[in-house]
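Data first, discussion second: the structure below is written as structure tokens.
All of the numbers you see were taken from the coordinates with simple rules; none came from a lab. Computed from a prediction, not measured in an experiment: that's the story for all the values here. Glycine gets a Cβ as well: all are built from the backbone with ideal geometry, and neighbour counts include every protein chain shown.
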Amino acid sequence: MIPEIDIWRAATLMLKRYEDKALEQSTTRADELAADGDHAGADTWRRITTAVEQLANHAARTAALIGPNPKRSISPSLVYS
């Protein structure tokens, strides 16, 4: 099992690389692995997807409260329901 800290690191990297497409990209990866029969890998990417969603929602809420941080690459428009 992948340690939780590594899941959050991967989620952070996904947001930096894919920005507003990070949730879509991580979901796609989980689906691809599941389709290939790699259920452990798919489970890991589902955990990463959940972390991406939580980080994006947190960034959006923070930006709404205090304003966006121009030094961050996470857009305040990243709100996933």
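Annotations
- Compared with the alpha-carbon gap, the fully stretched path from ASP36 to HIS58 is longer by 4.7 nm at 0.36 nm per residue.
- Listed residue (ALA59, THR44, ALA22) projecting farthest to the positive dipole end of segment 4-66, Cβ model: ALA59
- Net lengthening on full extension, LYS21/TRP8 (0.36 nm per residue, minus Cα-Cα): 3.0 nm
- Taking Cα centre as origin and charging only the Cβ of basic (Lys, Arg, +1) and acidic (Asp, Glu, -1) residues, the dipole magnitude of segment 4-66 rounds to 320 debye.
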